[in-house]
Amino acid sequence: MSGKEKGVRLVIISGLSGSGKSCAIKCFEDLGFFCIDNLPPQLLPKFVGLCRQSRNEISRAAIGIDIRERAFLREFLSVFDRLIEEGYQVELLFLEARDEIIQRRFSETRRPHPLAKEGPVVDGINQEWDTLRELRKRANRIIDTSDFHVHKLKELISHYYLETAASRHLNLSLTSFGYKHGMLPYDLDLLFDVRFLSNPFLIDDLRPLSGNDQAVQDYVKALPETGLFLEKLYDFLDFLFPLYEKEGKSYLTIGIGCTGGRHRSVTIVNLLWEHLQERGILVHRQHRDLDVNTRV
């Protein structure tokens, strides 16, 4: 009996030190996954075999893999590929965070980085990035936890991995962000720049507000360009979604960017979220830069 026939779903969690792997494993445990942290790669096939033979019919499991040595990484990738070839439903979740966020987390816990116990944390971060680059390329899902608290991470993991009737279809995530704050969100599949819309930041009464406030939403929706843009965007997504599902894509992340990530992009994400919700589509939203207190 193959892994696919048995229906054993295995999520392997890895990523950068300080990116939240331990929290992620606890989240999976709360969702009913059978969880093991730091399992040696060579034991993965045996573990999956035990899941198949279990009287309790373990159908969902999450395994934390801590990979810092290149030899260890090569061994894991070999086992990972073999499980896929044998038909198991195995997924790789890679967690990461911005360098300054990881530095801050290590500073707050007063722990040394495992790859730089006698040196600065940044040295360990750089070495780990170099080691894990190939693993990141193989990931089915990448989550940047830089701006997440534990409840937000659990919400996102629930959205991606909790098995419901809706989750068998395309899972959508919407992210608003500001271009002025540096890197684009890592895992975008589609990106739309809404800086062509008039900026509410330039209106004194609207500047301290955000796209979550009705006054800002009314201003953006009143722009003639907004209605036309949304009409074309809805048509475009209606065209794309069935094609993505036909090709077996499980996740789709859409980014909406403006200058500061506070007014226009937040409003458009909220409007798109409402539109998709009305259509009965499972969709998650986040506003990455909403609380960043910087000026445009």
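The values are calculated or read from the model by the stated rules, or taken from the named source; none is laboratory data. Bear in mind that the values here come from a model prediction, so they are computed numbers and not experimental data. We place every Cβ from the backbone using ideal geometry, glycine too, and count neighbours over all the protein chains shown.
In the stretch 245-254, is there at least one residue being within 23 Å of Phe196 (Cα to Cα), crowded, with 16+ Cβ neighbours inside 10 Å and modelled with pLDDT under 95? There is at least one residue in the stretch 245-254 that is within 23 Å of Phe196 (Cα to Cα), crowded, with 16+ Cβ neighbours inside 10 Å and modelled with pLDDT under 95.
Is it the case that some residue within the stretch 216-225 is in contact with an Asp or Glu (Cβ under 9 Å, 6 or more places away or on another chain), under 27 Å from Leu282 (Cα atoms) and surrounded by fewer than 18 Cβ atoms within 10 Å (Cβ to Cβ)? There is no residue in the stretch 216-225 that is in contact with an Asp or Glu (Cβ under 9 Å, 6 or more places away or on another chain), under 27 Å from Leu282 (Cα atoms) and surrounded by fewer than 18 Cβ atoms within 10 Å (Cβ to Cβ).
Residues in the stretch 191-229 that are in contact with a strand residue (DSSP E or B) (Cβ under 8 Å, 6 or more places away or on another chain) and either at pLDDT below 95 or basic (Lys, Arg) (or both): 1 in all.
If you filter the stretch 7-38 down to residues that are part of a strand (DSSP E or B) and in contact with a Ser or Thr (Cβ under 8 Å, 6 or more places away or on another chain), you find that the one that is nearest to Arg52 (Cα to Cα) is Arg9.
One residue alone among Glu225, Glu274, Glu245, Glu278 is charged (D, E, K, R) and over 20 Å from Asn171 (Cα atoms), and that residue is Glu225.
Just to be sure, is Phe177 buried (at least 19 other Cβ atoms within 10 Å of the Cβ), under 27 Å from the mean Cα position of the chain (by Cα), under 30 Å from Asn140 (Cα atoms) and aromatic (Phe, Trp, Tyr)? Yes; evaluated as a whole, the condition is true for this residue.
Yes/no per residue for (1) assigned by TED's automatic domain parsing to the domain that holds Leu282; (2) under 30 Å from Lys26 (Cβ atoms):
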position: His149; (1), (2): no, yes
position: Ser176; (1), (2): yes, yes
position: Asn199; (1), (2): yes, no
position: Leu209; (1), (2): yes, no
position: Asp213; (1), (2): yes, no
position: Gln217; (1), (2): yes, no
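Are any of the residues in the stretch 235-257 among the hydroxyl-bearing types (Ser, Thr, Tyr) and farther than 17 Å from Leu190 by Cβ? For the stretch 235-257, residues among the hydroxyl-bearing types (Ser, Thr, Tyr) and farther than 17 Å from Leu190 by Cβ: absent.
Taking (1) modelled with pLDDT under 90; (2) within 15 Å of Leu16 (Cα to Cα); (3) of a type in the set (S, T, N, Q) in turn, Asn171 satisfies each apart from (2). The selection criterion, being in contact with a Gly (Cβ under 9 Å, 6 or more places away or on another chain), surrounded by 14 or more Cβ atoms within 10 Å (Cβ to Cβ), among the hydroxyl-bearing types (Ser, Thr, Tyr) and at negative phi, holds for Thr145. Contact map, the stretch 14-26: first residue in the same structural domain as Arg104 (by TED's automatic domain parsing) and without any contact (Cβ under 8 Å) to a residue 60 or more places away in the chain, second residue in a helix (DSSP H, G or I) and crowded, with 22+ Cβ neighbours inside 10 Å, Cβ cut-off under 9 Å, separation 6 or more or different chains; the map is empty. When Glu96, Glu100, Glu57, Glu69 are screened for being exposed (fewer than 15 other Cβ atoms within 10 Å of the Cβ) and modelled with pLDDT of 90 or more, only Glu100 passes. Summed over the stretch 83-107, the residues that are closer than 19 Å to Lys152 by Cβ, among the small types (Gly, Ala, Ser) and in contact with a helix residue (DSSP H, G or I) (Cβ under 7 Å, 6 or more places away or on another chain) give a count of 0.
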